[in-house]
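Undergrad: Just passing along the structure, written as structure tokens.
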Amino acid sequence: MKNYRITLQYDGTRYSGWQKQGNTENTIQGKLEAILSKMTGSETDVHGSGRTDAGVHALAQVASFKCRTTLSETQMQDYFNEYLPLDIRILSLSEAAPRFHARLNASKKHYRYLIDTNKIQNVFSRKYITHIPVSLDIKEMSAASSFLLGEHDFKSFCDNKHMKKSTVRRIDSIDLTIKDGILTIDFFGNGFLYHMARILVGTLLEIGQKKRKPEDINSILQAKDRSAAGFTAPPQGLYLVEVFY
């Protein structure tokens, strides 16, 4: 039995997120496992680097799985792309080290959030960019971002009330750029909690609208209470850009 690593891209618009669920087959993991079962003749678990939410996209998600097959790596990749929906593509497939695990071995992730601040939304980007037509103070948002850098307990930025594992994570950088009214926020960190990136965005947006001050980030972190942070930004503006190993 060999261990394989795949890099895939998907438009998350019509899916119920990455993780397979008992009440729907419409998940990224579920689609991959169904095709693998058809390819190999046996049930195979696919492990993603992380669980993207419903409506969230991925430019380069990484996953791993173990299976037995007589197909070559190229044939396996072609098989996936023949039977997968067109909004999911396998960009690469290769044999991995026996102990490689897409989630457990990930050292850093890059998430990006896109916001259209223009008054009139572009019809063709509405599924891929969140429309928030308000004036934002980018300088204040950047100042707030500096308080989030480093290792902190991000419990206030987690929507899982029953989280039993550690909520301590490290954010290495947050970069904000705006061009033609499109605000791009890039997050680099060693891991992200449930809805964490979207709550970070919502909190920064409230600061950009002068509803909060940059230094409020300190008290939000110290509260370790979800209600202390800002709103959860919509999913369609979020992308998993890259996973580092």
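Undergrad: What list of ³J(HN,Hα) values in whole Hz, one per residue of the stretch 189-201 in order, does the Karplus curve 6.51 cos²θ - 1.76 cosθ + 1.60 (θ = phi - 60°) give from phi, with Gly and Pro shown as x?
TA: Listing the rounded values in order: x, 7, x, 9, 6, 4, 6, 4, 4, 6, 6, 4, 4 Hz.
Undergrad: Same structure, new question: Any idea how far the Cα center of the stretch 149-221 sits from the one of the stretch 21-70, in Å?
TA: The two parts, judged by their Cα centres, are 28 Å apart.
Undergrad: Now a separate question. If r is the Cβ-Cβ distance from K38 to N122 and R0 is 25 Å, what FRET efficiency results, to the nearest 0.05?
TA: Numbers: r = 39 Å, r/R0 = 1.54.
For R0 = 25 Å, the calculated efficiency reads 0.05.
Undergrad: Another question, if that's okay. Could you grab the Rg to Rh ratio for the stretch 145-245? Cα atoms only, Kirkwood for Rh.
TA: A ratio of 0.94.
Undergrad: Sorted by mean Cβ packing within 10 Å, highest first, what order do the peptides 144-154, 233-243 take?
TA: Order by mean packing, descending: 233-243, 144-154.
Undergrad: Something else about it: Using only the alpha carbons of the chain, determine the length spanned along each of the three principal axes and report them from longest to shortest in whole angstroms.
TA: Answer, in whole Å and largest first: 60, 41, 31 Å.
Undergrad: Using θ = phi - 60° and the Karplus form 6.51 cos²θ - 1.76 cosθ + 1.60, what ³J(HN,Hα) does each residue of the stretch 162-176 get, whole Hz, x for Gly and Pro?
TA: 9, 4, 9, 7, 4, 9, 7, 9, 10, 10, 8, 7, 9, 10, 10
Undergrad: On alpha-carbon atoms, Rg over Rh for the stretch 1-54 using Kirkwood Rh?
TA: 0.96
Undergrad: Could you list which residues have their amide H under 5 Å from that of T44, counting only those 5 or more apart in sequence or on another chain, with H placed in the peptide plane?
TA: S37
None of the figures in this text is laboratory data; all of them are computed from the coordinates on show. On a predicted model such as this, the values are computed, not experimentally measured, just so you know. Reconstructed Cβ throughout: ideal geometry from the backbone, glycine too, with neighbour counts over all protein chains shown.
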